[in-house]
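All of the numbers you see were taken from the coordinates with simple rules; none came from a lab. The structure presented is a predicted model; accordingly, all values stated were derived computationally and were not measured. Glycine gets a Cβ as well: all are built from the backbone with ideal geometry, and neighbour counts include every protein chain shown.
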Amino acid sequence: MNAIFITGSNRGLGRAIAEKLLENEENLVIGIGRDWSIDHPNYRFLYLNLDDIIEVKAFAFSVFNEEIKSVGLINNAGILGDVGLLGTLEDRVIEQVLNVNLISASILINKFFSAFGELDVEKNIINISSGAAQNPYDGWSAYCTSKAGLDMISRVADEEQKLHAKVPARVFSIAPGIIATRMQEQIREVDEASFSRKQKFVDFFEQDLLATPEDAAEKIIRIFELRNKLDKVVISMKDLE
Ligand SMILES: NC(=O)c1ccc[n+]([C@@H]2O[C@H](COP(=O)([O-])OP(=O)(O)OC[C@H]3O[C@@H](n4cnc5c(N)ncnc54)[C@H](OP(=O)(O)O)[C@@H]3O)[C@@H](O)[C@H]2O)c1
């Protein structure tokens with residue numbers, strides 16, 4: 001079996017990725033998050049609130065006794081948080097966004113290598129990033145920062161694996177493009193006074209330019225299938241179109 005852990009698999013992009021992976025009966029998908037909406041014989045669920053760092057630090061990876069051919073981690077869960085200019089944000093928003101998007105994801109990467117690093121099996125990590133990792137958007141300070149951090153920890157992990165691991169893991173940080181999920185609904189509802197690009201996102205929606213979660217999931221899996229031909233760590237879906 002290929003054991004694939006994925007955070008935030010109960011809706012949006014994460015759910016679509018998990019469901020696509022479950023089409024292959026050799027995949028065992030282990031959802032990590034606060035809720036569970038997939039019912040499938042090869043799906044398992046582990047409760048974890050990624051905003052609770054004490055809980056995340058106590059988390060331990062395990063692979064349920066199955067014979068494992070490869071092991072993967074997809075850090076998908078993410079929040080935009082309340083949108084607002086620096087100086088007006090509640091401190092808690094910054095804490096929450098960095099907790100979910102970066103600190104928990106980084107701790108999970110650390111724990112993944114600690115649990116599986118020495119295993120003589122294929123290992124893969126995909127972090128779901130964003131175009132906001134590379135571009136400063138007003139009102140999105142914590143989100144942009146968290147995704148930039150996710151890109152960098154992916155690059156460091158890749159470097160460490162190449163230099164130090166016996167069986168190096170592949171690590172990718174993928175910006176998935178604009179997808180019709182709850183996160184986009186939130187963006188279309190924010191106050192334009194704190195997010196000057198709001199109208200652009202409304203236009204994308206009205207012009208039907210959002211990918212479905214299923215299409216975005218399929219592209220991410222296609223990138224993963226090409227992993228042996230790719231040498232980049234940070235990948236934008238746009239580069240591949
Ligand atoms: N949609 C886009 O256009 C877009 C663009 C670029 C990047 N992304 C990235 O794609 C990823 C998936 O986002 P999405 O668009 O699918 O958004 P979404 O529909 O809002 O889904 C977010 C997922 O994250 C989980 N999550 C949030 N807070 C959590 C917490 N404290 N603990 C555990 N899980 C938590 C949610 O679970 P709950 O149901 O428990 O809240 C949900 O499963 C994110 O990393 C996002 O930054 C999205």
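Among the residues of segment 32-87, those that are of a type in the set (Val, Ile, Thr), more than 9 Å from the ligand (Cβ to nearest atom) and in a loop (DSSP other than H, G, I, E, B) comprise Ile38, Val63, Ile68, Val83. Would you confirm whether or not segment 53-67 contains a residue that is in contact with a His (Cβ under 8 Å, 6 or more places away or on another chain) and not acidic (Asp, Glu)? No; the residues of segment 53-67 include none that is in contact with a His (Cβ under 8 Å, 6 or more places away or on another chain) and not acidic (Asp, Glu). The condition of being closer than 28 Å to Ala142 by Cα, without any contact (Cβ under 8 Å) to a residue 40 or more places away in the chain and not in a loop (DSSP other than H, G, I, E, B) holds for only one of Arg15, Arg92, that being Arg92.
Checking each residue in segment 115-151 for being more than 16 Å from the ligand (Cβ to nearest atom) and assigned to a helix (DSSP H, G or I) picks out Ala115, Phe116. For segment 119-126, the criterion of being touching a residue at least 40 places away in the same chain (Cβ under 8 Å), more than 27 Å from Lys166 (Cα to Cα) and crowded, with 21+ Cβ neighbours inside 10 Å is satisfied by no residue at all.
Tallying residues that are surrounded by 24 or more Cβ atoms within 10 Å (Cβ to Cβ), small (Gly, Ala, Ser) and out of contact with any Lys or Arg (no Cβ under 6 Å at 6 or more places or on another chain) within segment 127-141 yields 1. Only residues that are part of a helix (DSSP H, G or I) and within 21 Å of Leu80 (Cβ to Cβ) were counted in segment 216-241, giving 5. For segment 209-222, the set of residues classified as within 13 Å of Ile235 (Cα to Cα) and buried (at least 18 other Cβ atoms within 10 Å of the Cβ) consists of Ile220 only.
Would you confirm, using the coordinates I've provided, whether Val71 is of a type outside the set (Asp, Glu) and surrounded by 20 or more Cβ atoms within 10 Å (Cβ to Cβ)? Yes: the conditions hold for Val71. When Ala211, Ala175 are checked against the criterion of being in contact with a Gly (Cβ under 6 Å, 6 or more places away or on another chain), under 25 Å from Glu95 (Cα atoms), within 11 Å of the ligand (Cβ to nearest atom) and of a type outside the set (Val, Ile, Thr), a single residue qualifies: Ala175.
Residues of segment 18-31 that are assigned to a helix (DSSP H, G or I) and closer than 14 Å to Asn75 by Cα: Ala18 alone. Of all the criteria given as (1) under 17 Å from the mean Cα position of the chain (by Cα); (2) over 19 Å from Lys20 (Cβ atoms), the one not satisfied by Val167 is (1).
Name the single residue, out of those in segment 181-199 being in a helix (DSSP H, G or I) and more than 8 Å from the ligand (Cβ to nearest atom), that is farthest from the chain's Cα centre (by Cα). Among those residues, the one meeting the criterion is Ala193.
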